[in-house]
Amino acid sequence: MKTVLFLFGLFGALGAGAQETCPNSKSTVKDLQSLCDELNKSNQTHCKVNAPAKTESVPAITYGLLSASGKMKSLFEKMEGMQKAFLAEAGGCPGGCSRINAPVVEISTQPTAVVKHASCPDQYTALKLSSQEQQRFAIGQSGDYFKKSFRLRADSKKCQEAATTYAQETLMGENELGSFLEDSKCKSPCSYSSVIRLKTRSAGKGECAVDLELAVQCGSPKKDREWQTQAKLTKTFSCEVAQ
């Protein structure tokens, strides 16, 4: 409202001045555009908040093949609850600014024990794709992470399910990318260690958007058919000019 009144006053002043100086119309439009640009810049500066990220972790879980499904389902449900609670948080932004919550779920998994093998790396090493391979599998790569975005006309839970399903199918060799990695990049008897990151983004009304970052690391064979998984939620938010 203050901006509207200010602009109204400016129009009044310009109108009064027109009786005496008759300013060029192009000059007036340019002045108004400059004013709006300055106001937008000022509002963005006003809303800029450097809030430190906060991390909440859950206890690590250990499981074998028979218990994997149940324990992982329970873990994902717990992470979903933590994320839902954070998405409902408000406050922390100056007046006239909207808060945009951007949670990051990270799930790290590795065998509980390994044995060295001549055909496998001694240290877990991130798998990399060439630019041609990235195009083939419709996936990007940044550093050690494969990157793929999921956007659906659904709630955030559906986007997260799509992203986690893709990551799990890749790690289990059940999709095209996963089969390729097993056949060409990390052959048996070598084993995987992995990190799954799910970054929830703001999307249009009725839509969800989640960015998947997946690090697939190749190393020594598993000693036993047993894994350990750790999970954490990083809570970050930003502030933007309220619409």
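What strands (runs of 3 or more DSSP E) lie completely within segment 52-144 and have 1 or more residues being free of Cβ contacts under 8 Å to residues at least 40 places away in the same chain and among the polar types (S, T, N, Q)?
Filter on segment 52-144 gives 140-142.
Of everything in segment 154-180, what is open to solvent by 70 Å² or more (accessible area, probe 1.4 Å) and in a helix (DSSP H, G or I)? Give them in sequence order.
Passing the criteria: Lys157, Lys158, Glu161, Glu176.
Return yes when Gln168 is within 22 Å of Lys78 (Cα to Cα) and more than 13 Å from the chain's Cα centre (by Cα) and no when it is not.
In short, yes.
Which condition from (1) in contact (Cβ under 8 Å) with a residue 60 or more places away in the chain; (2) in contact with a Phe, Trp or Tyr (Cβ under 6 Å, 6 or more places away or on another chain) is the one that Cys159 breaks?
The single condition Cys159 does not satisfy is (1).
When residues of segment 129-142 are filtered for being exposed (fewer than 15 other Cβ atoms within 10 Å of the Cβ) and either within 29 Å of Tyr63 (Cβ to Cβ) or modelled with pLDDT under 95 (or both), how many remain?
The initial filter retains those residues of segment 129-142 that are exposed (fewer than 15 other Cβ atoms within 10 Å of the Cβ), namely 130-132, 135-136, 138, 142.
This time we only want the ones that are either within 29 Å of Tyr63 (Cβ to Cβ) or modelled with pLDDT under 95 (or both), so: none.
The number of residues fulfilling the criteria is 0.
Might you check whether a residue that is part of a helix (DSSP H, G or I) and open to solvent by 50 Å² or more (accessible area, probe 1.4 Å) occurs anywhere in segment 195-212?
Within segment 195-212 (the criterion being part of a helix (DSSP H, G or I) and open to solvent by 50 Å² or more (accessible area, probe 1.4 Å)), the answer is no, since none of the residues qualifies.
The values are calculated or read from the model by the stated rules, or taken from the named source; none is laboratory data. Since we're looking at a predicted model, the values are computed, not measured. Positions of Cβ are backbone-derived with ideal geometry, glycine not excepted, and every protein chain shown enters the neighbour counts. Surface accessibility is based on the protein's heavy atoms, side chains included, excluding ligands, DNA and RNA. Shrake-Rupley method; radii C 1.70, N 1.55, O 1.52, S 1.80 Å.
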